[in-house]
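Notes follow the structure.
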Amino acid sequence: MRRWMVAGNWKMHTTIGEAETISKAIKEGTKDIDKGEIVLAPPYTALYAVHKVIKDSHIALAAQNMYFQDKGAYTGEVSPIMLKDTGCAYVIVGHSERRKYFYEKDEEINEKVKKVLSTGLKPIVCVGETESEREKGITEFVVGMQVKKALFGVTDMEHIVIAYEPVWAIGTGKNATPMEAETVHRFIRHIIGDVYGDSVAQNLQILYGGSVTPDNIGALIAMEDIDGALVGGASLKAESFTGIIRKVAEKR
């Protein structure tokens with residue numbers, strides 16, 4: 001069975017002190033869990049502080065974004081080398097909020113994926129359709145194109161994680177039903193199988209994201225092709241995030 005993962009994306013929340021407090025509570029609340037992967041993605045300013053809290057523990061550190069150059073005159077950007085230096089193991093790439101608010105295109109996301117991998121980090125690649133795209137019945141077309149373009153030319157699939165996040169479910173309180181989520185997860189695995197072979201597809205971690213809570217994660221993680229969750233708002237409270245992790249660990 002594939003290893004599960006629960007990752008918390010804190011987005012533009014938490015001061016350094018708040019991030020330390022939350023990460024300490026999550027570390028303490030999950031110290032008896034010795035399987036799966038727990039990942040925290042605080043804002044850039046809190047990366048090193050959280051790293052010091054979780055260093056040598058069962059929790060890994062992720063950044064929420066990066067630029068696809070090692071260094072240079074790119075004011076305001078952060079390179080993967082800098083992220084690795086703070087203790088990061090993962091980088092979230094292509095989140096729908098980056099696509100929507102900062103106009104990131106699939107080609108740029110592909111550049112980021114390749115750069116993350118070349119730096120020795122692991123990308124969590126986000127894909128997902130909008131509400132209007134789902135209503136038009138083009139979910140598979142949209143998600144399929146996002147997956148193919150994000151991974152174009154990528155050969156190191158062993159270190160890739162994909163997160164399916166329907167845009168209409170992110171921060172809205174709406175949630176895809178377990179079967180709706182499973183259908184898209186299975187489709188993504190089929191796409192990967194066509195390109196890289198069935199063995200790669202069956203070993204690929206695919207997470208679900210979009211208003212995940214302790215109440216709905218049980219039914220989601222029970223689905224065959226859902227390997228965990230990329231959690232937003234619920235990851236900002238140690239109690240709810242720990243609750244999600246425990247339910248995933250129990251099921252898997």
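Where a number appears in this text, it was derived from the coordinates with a stated rule and is not lab data. Bear in mind that the values here come from a model prediction, so they are computed numbers and not experimental data. Backbone-built Cβ (ideal geometry, glycine too); neighbour counts: all protein chains shown.
Overview of values
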{"quantity": "Identity of the residue in the stretch 158-169, part of a strand (DSSP E or B) and out of contact with any His (no Cβ under 8 Å at 6 or more places or on another chain), that ends up surrounded by the fewest Cβ atoms within 10 Å (Cβ to Cβ)", "calculated": "VAL161"}
{"quantity": "Any chance TYR164 is of a type outside the set (A, V, I, L, M, F, W, C), closer than 24 Å to LYS115 by Cα and in contact with a Gly (Cβ under 9 Å, 6 or more places away or on another chain)", "calculated": "yes"}
{"quantity": "Among the residues listed as THR155, THR172, THR213, THR183, the single one being without any contact (Cβ under 8 Å) to a residue 12 or more places away in the chain, over 15 Å from the mean Cα position of the chain (by Cα) and assigned to a loop (DSSP other than H, G, I, E, B)", "calculated": "THR155"}
{"quantity": "Lone qualifier among ILE244, ILE226 - being part of a helix (DSSP H, G or I) and out of contact with any Lys or Arg (no Cβ under 7 Å at 6 or more places or on another chain)", "calculated": "ILE244"}
{"quantity": "Number of the exception - ILE226 against (1) under 15 Å from the mean Cα position of the chain (by Cα); (2) under 23 Å from ILE54 (Cα atoms)", "calculated": "(2)"}
{"quantity": "Selected residue (criterion: nearest to ILE59 (Cα to Cα)) from residues of the stretch 83-118 that are polar (S, T, N, Q) and buried (at least 18 other Cβ atoms within 10 Å of the Cβ)", "calculated": "SER96"}
{"quantity": "Test: residue in the stretch 8-21 that is out of contact with any Lys or Arg (no Cβ under 9 Å at 6 or more places or on another chain) and part of a strand (DSSP E or B)", "calculated": "yes"}
{"quantity": "Meets criteria (surrounded by 17 or more Cβ atoms within 10 Å (Cβ to Cβ) and either under 20 Å from MET5 (Cα atoms) or not β-branched (Val, Ile, Thr) (or both)) for VAL78", "calculated": "no"}
{"quantity": "Condition broken by ASP70, with the remaining ones in (1) touching a helix residue (DSSP H, G or I) at 6+ places or on another chain (Cβ under 9 Å); (2) of a type in the set (Asp, Glu); (3) at positive phi satisfied", "calculated": "(3)"}
